[in-house]
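Asker: Let me begin by handing over the structure; questions about it come next.
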Amino acid sequence: PNVTKKTKKISASTKKNNVTFNEEKGLLWPVEGNVIMNYSMSSVIYFQTLDQYKCNPAIIIQAEVGDDVLNAADGVVTDVSYNEETGNTITVSVGNGYKVIYGQLDHITAKKGQTVTEGTVLGQIADPTKYYVKEGSNLFFEVMKNEDTVNPMLLLR
């Protein structure tokens, strides 16, 4: 039993040392483009394609199909999945309870469990899902701390 406990402690402390998010340094912009929809969890904003107002847990960054999407901070890929709204989506745990979620991707190069450094190409911008047809091709970019969304604009440098 002691061996197991030691192993768990070692792996937990190794993870903490390898992945520590520096809030002061912040996040690298993942793609070049204008923010076409702001983060808005305290009020609703208009979603053109859906023709409705709702909260937005992310920022939507305009980008061209095929543009490379860069990893915003050193971390570990914790999820690669498909979501009806955000399409192919990658989640990267960057430490200190923070995770960054990238949606609307194609040609994903990152794999679950992989350690990725800042600036690593995670994939490319895909054609928009049916939820973002009128907005056009874009990157869905969400930041979470623990289980709460955070305005990415406060962390992007």
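Asker: Check Thr91 against each of (1) more than 14 Å from the chain's Cα centre (by Cα); (2) buried (at least 17 other Cβ atoms within 10 Å of the Cβ); (3) among the hydroxyl-bearing types (Ser, Thr, Tyr) and name the one condition it does not meet.
Answerer: Status for Thr91: all satisfied but (1).
Asker: Another question about this same structure. If I ask for residues that are part of a loop (DSSP other than H, G, I, E, B) and in contact (Cβ under 8 Å) with a residue 24 or more places away in the chain, which ones from the stretch 130-149 would you list?
Answerer: Val133, Lys134, Glu135, Gly136, Ser137, Asn146 - these are the residues of the stretch 130-149 that are part of a loop (DSSP other than H, G, I, E, B) and in contact (Cβ under 8 Å) with a residue 24 or more places away in the chain.
Asker: Same structure again: Answer yes or no as to whether Val65 is at pLDDT 95 or above and open to solvent by less than 60 Å² (accessible area, probe 1.4 Å).
Answerer: So Val65 fails the test.
Asker: Given the residues Val121, Val143, which is the only one that is modelled with pLDDT of 95 or more and either surrounded by 22 or more Cβ atoms within 10 Å (Cβ to Cβ) or of a type outside the set (A, V, I, L, M, F, W, C) (or both)?
Answerer: Values: Val121 fails: either surrounded by 22 or more Cβ atoms within 10 Å (Cβ to Cβ) or of a type outside the set (A, V, I, L, M, F, W, C) (or both).
Answer to the check: Val143.
Asker: Determine whether the stretch 102-112 contains at least one residue that is in contact (Cβ under 8 Å) with a residue 60 or more places away in the chain, within 26 Å of Glu24 (Cα to Cα) and surrounded by 15 or more Cβ atoms within 10 Å (Cβ to Cβ).
Answerer: Scanning the stretch 102-112 turns up at least one residue that is in contact (Cβ under 8 Å) with a residue 60 or more places away in the chain, within 26 Å of Glu24 (Cα to Cα) and surrounded by 15 or more Cβ atoms within 10 Å (Cβ to Cβ).
Asker: List pairs: first in the stretch 29-51 and without any contact (Cβ under 8 Å) to a residue 40 or more places away in the chain, second assigned to a loop (DSSP other than H, G, I, E, B) and open to solvent by 60 Å² or more (accessible area, probe 1.4 Å), Cβ under 8 Å, 6+ apart or cross-chain?
Answerer: The qualifying pairs are Ile45/Asn38.
Asker: While we're on this one: Which residues, taken from the stretch 44-54, are open to solvent by 60 Å² or more (accessible area, probe 1.4 Å) and assigned to a strand (DSSP E or B)?
Answerer: Residues satisfying the conditions are Val44, Tyr46, Gln52, Tyr53.
Asker: Scan the stretch 29-43 for residues that are open to solvent by less than 80 Å² (accessible area, probe 1.4 Å), among the small types (Gly, Ala, Ser) and part of a strand (DSSP E or B) and jot them down.
Answerer: The answer is Ser40, Ser43.
Asker: Ok, one more. Looking only at the stretch 92-114, which residues are charged (D, E, K, R) and under 13 Å from Asn146 (Cβ atoms)?
Answerer: Lys99
Asker: Condition first: out of contact with any strand residue (DSSP E or B) (no Cβ under 8 Å at 6 or more places or on another chain) and of a type in the set (A, V, I, L, M). Now tell me which residues in the stretch 27-58 satisfy that.
Answerer: Scanning the stretch 27-58 gives a single hit, Leu50.
The values are calculated or read from the model by the stated rules, or taken from the named source; none is laboratory data. Values in this document were obtained by computation on a predicted structure and should not be read as measured data. Cβ: placed from backbone, ideal geometry, glycine included. Neighbour counts: every protein chain shown. Ligands, DNA and RNA are stripped out before the accessible areas are found, and what is left, the full protein with its side chains, is counted by its heavy atoms. Shrake-Rupley method; radii C 1.70, N 1.55, O 1.52, S 1.80 Å.
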